[in-house]
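Worksheet: one structure, shown below.
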C-alpha cells in the first residue's frame with residue numbers, strides 16, 4: 001500500500017509533462033463556511049514558470065480557492081507548496097517561502113505612500129537580512145513608470161488601474177515563486193487590462209509562476225498555459241488553455257456573445 | 001491669581017500633560033494596531049514607580065518572581081505549540097533566551113546591592129524588569145483571542161487591569177511611595193523657578209515622542225506596525241504577522257508606561273491602584289484625538305494636564321470631574337463632524 005502510494009507520486013508528474021514536481025500541488029481541497037461547502041474536493045497543480053488560470057462564474061468559489069491556498073481560511077485536504085506540506089498554515093511562513101497573493105480588494109495601505117506600500121512588500125526579505133530588495137524596487141518602477149511618478153503620493157489617491165499596478169508591484173517586492181491574482185482586470189479599462197496581462201507574460205519569462213483567477217475568460221485563456229473551469233465548488237473541466245478556448249462548452253458558457261456583453265459591462 | 005501662580009500652575013500642568021501625552025500616544029498606538037483599549041497601561045506606570053521606589057529603599061524586588069513565572073508559562077506554551085510539528089531550532093533558541101533573561105534578572109535583583117548603584121542604573125534596571133511584561137501580557141492574555149470582537153478584547157483588558165491592581169497590592173503593599181528626585185538643581189527663569197524634575201519630564205517625553213516618530217516614519221519595522229493599523233489583511237498578506245505587531249506595540253506601550261512611572265515617581269506619591277486614574281486622563285487625550293490622530297491626541301493630553309492644574313487652584317474638589325466632563329463636548333463634536341466608519345471588520 002505504502003509502496004504503491006509513493007510510486008504514484010513519482011509517476012504522476014512524469015506522466016503529465018515530464019518535468020520536476022509541481023510548485024503548487026493541491027489535492028482534495030475542501031472549504032466550508034459553516035454548513036455550506038464552498039469547495040468540494042479540488043485538485044490543482046501549478047508548475048514553475050507556468051501561467052495557470054481558473055475561470056468560472058460568480059460564486060463558484062474562485063476567491064475561496066485562493067484564500068485557502070494562502071492559508072487565510074481553514075481548509076481540509078492536502079496542499080504542497082515548494083516542499084512544504086500544509087493544511088491551513090501560517091500565512092507568514094508561506095509568504096517567506098515565496099507565495100504571493102494580490103487579493104480582489106487590493107488591500108493597500110491607503111494612508112501610506114506608494115513607496116512605503118512597495119517597501120512593505122519586501123518586509124519578510126528585510127527581516128531575513130536580504131538587502132537586494134532595493135534592486136527589485138527599481139525593477140518595479142521601470143515596469144510601472146506610473147508608480148515612480150506617484151511614489152510620494154498616498155496610495156488612497158491612486159486611480160483604479162494604478163492601484164492594481166501597486167498591488168501587483170507590492171506582491172512582486174516579496175520575490176514570489178508563485179504569484180496568485182484574484183480578478184486583476186476587475187473594474188479596469190480594457191487598455192489597462194491589456195497592459196497588466198502583458199506584464200504577466202513578462203513575469204513568466206522571469207520564471208515566476210502565476211495562478212490567475214479571472215472572470216474575463218477570453219483574456220485569461222489567451223495568456224495562460226493551462227486552465228481550470230470552476231463551477232459550483234469543483235472543477236468542471238481542465239486542460240491546456242488553448243484547447244479550452246476552442247472547447248464548445250467553454251465558448252458557449254464563457255466566451256460566447258453573452259459573456260462578451262458582460263465583459264463590456266465590467267470594463 | 002497673579003502671574004507667578006499662573007506660571008507655577010502652568011508648569012505643573014505641562015509636566016502632567018507631558019505624561020498624559022505619552023500615555024495617550026501609547027493608548028492610540030495599541031488601539032490602532034491591535035484594536036485593544038489598553039486599560040492596564042496605568043499599571044505599567046505604577047509598577048514602574050513602585051519598583052523604582054522598592055529598589056531605592058533596598059527592599060527585595062518581588063516583581064522579578066512574577067516575571068520569571070510568566071516567562072515560564074510563556075515558554076511552556078511555546079513548547080506545547082512545537083510538539084507535533086517539526087522542531088524549529090530558531091524558535092527553541094528564542095525560548096531559551098527568554099528563560100535565560102528572566103533568570104538573569106532574578107540573579108541581579110537578588111545579589112546586587114541595588115540601593116547603592118547610581119540612579120540611572122536603577123532606572124535602567126526598572127525598565128529591563130518591566131518592559132518584558134508588555135509582550136508577555138499580549139502573548140498570554142490577548143494573542144489567543146486576537147480575532148475576537150473588540151468588545152471582548154475590552155472586557156479582557158479590564159480583567160487584566162483588575163488582576164494587575166491585585167498583583168500590585170501583593171508585590172508592593174498598600175503604602176504609597178515616592179522616589180528621590182533625579183537632580184536637585186532648578187532653573188531660575190525670571191520670577192519662577194523651573195523645578196528640575198519638570199525639565200526631566202519634558203525632556204524625556206519629547207525624546208520619546210521624537211523616537212517614536214522616527215521609528216514609525218523611517219524604519220521598515222515601524223512602517224509595518226502602521227501598515228497593520230491601516231489594513232490588517234493587507235499586512236498579513238505581506239507576512240507581517242499580527243503576533244509580531246501585537247508584541248511590538250505592547251512592548252512600546254510598556255516602555256512608555258514604565259518610563260512615565262519613573263519620571264513622575266519623584267513628584268507624586270503613587271499607590272498600587274493609582275494607575276487607572278492616570279491612564280484615564282491619557283485616555284481623555286486620546287479621545288480628543290478621536291482615537292486616530294497622534295498630534296491631536298498629544299495636544300489634547302497636554303490641555304488635560306493644564307486644565308487639571310488650573311481647576312486644582314479654582315475648584316480643587318471638582319478637579320477630576322472637570323477633567324472627565326471635558327470628554328462630553330469632544331464626543332459630541334466628534335460624532336457630529338466625523339462620518340460613520342465600520343466599527344468592526
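The values are calculated or read from the model by the stated rules, or taken from the named source; none is laboratory data. As the structure is a computational prediction, the values presented were derived from the model and not from experiment. Virtual Cβ from ideal backbone geometry, glycine too; neighbours counted across all protein chains shown.
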Residue B:222 meets each of (1) in contact with a helix residue (DSSP H, G or I) (Cβ under 9 Å, 6 or more places away or on another chain); (2) surrounded by fewer than 21 Cβ atoms within 10 Å (Cβ to Cβ); (3) within 9 Å of chain A (Cβ to nearest Cβ) with one exception, condition (3)
Residues of the stretch A:74-95 being within 13 Å of another protein chain (Cβ to nearest Cβ) and closer than 21 Å to residue A:124 by Cα, in sequence order, are A:83, A:84, A:85, A:86, A:89, A:90, A:91, A:92, A:93, A:94, A:95
Among (1) at pLDDT below 95; (2) within 11 Å of another protein chain (Cβ to nearest Cβ); (3) touching a helix residue (DSSP H, G or I) at 6+ places or on another chain (Cβ under 9 Å), residue A:98 falls short only on (3)
Any chance the stretch B:288-300 includes a residue that's touching a residue at least 60 places away in the same chain (Cβ under 8 Å), under 25 Å from residue B:130 (Cα atoms) and touching a strand residue (DSSP E or B) at 6+ places or on another chain (Cβ under 7 Å)? no
Does the stretch B:195-212 include one or more residues that are outside any helix (DSSP H, G or I) and within 11 Å of chain A (Cβ to nearest Cβ)?
no
Note on the stretch B:227-243: residues at the interface with chain A (Cβ under 8 Å from one of its Cβ atoms), touching a helix residue (DSSP H, G or I) at 6+ places or on another chain (Cβ under 8 Å) and part of a helix (DSSP H, G or I) are B:227, B:234, B:235, B:236, B:237
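Please indicate, with yes or no, whether at least one residue in the stretch A:116-125 is within 10 Å of chain B (Cβ to nearest Cβ), surrounded by 16 or more Cβ atoms within 10 Å (Cβ to Cβ) and under 22 Å from residue A:192 (Cα atoms).
Yes: one or more hits.
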Practice problem: Inspect all residues belonging to the stretch B:76-96 and state whether any of them is within 30 Å of residue B:179 (Cβ to Cβ) and either surrounded by 12 or more Cβ atoms within 10 Å (Cβ to Cβ) or in contact with a strand residue (DSSP E or B) (Cβ under 9 Å, 6 or more places away or on another chain) (or both). | Solution: no
Pairing a residue in the stretch B:329-345 that is within 15 Å of residue B:292 (Cα to Cα) with any residue that is modelled with pLDDT under 80, where Cβ atoms lie under 6 Å and the two sit 6 or more apart in sequence or on different chains, gives B:334/B:290
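Among the listed residues A:103, A:176, identify the single one that is surrounded by 17 or more Cβ atoms within 10 Å (Cβ to Cβ), more than 10 Å from chain B (Cβ to nearest Cβ) and under 18 Å from the mean Cα position of the chain (by Cα). Don't jump to the end; show me each part of the working.
Working: A:103 fails: more than 10 Å from chain B (Cβ to nearest Cβ).
Unique residue meeting the criteria: A:176.
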Scan the stretch A:100-108 and tell me whether some residue there is in contact (Cβ under 8 Å) with a residue 40 or more places away in the chain and in a helix (DSSP H, G or I).
no
Residue count, the stretch A:126-156, condition within 14 Å of another protein chain (Cβ to nearest Cβ) and part of a helix (DSSP H, G or I), comes to 8
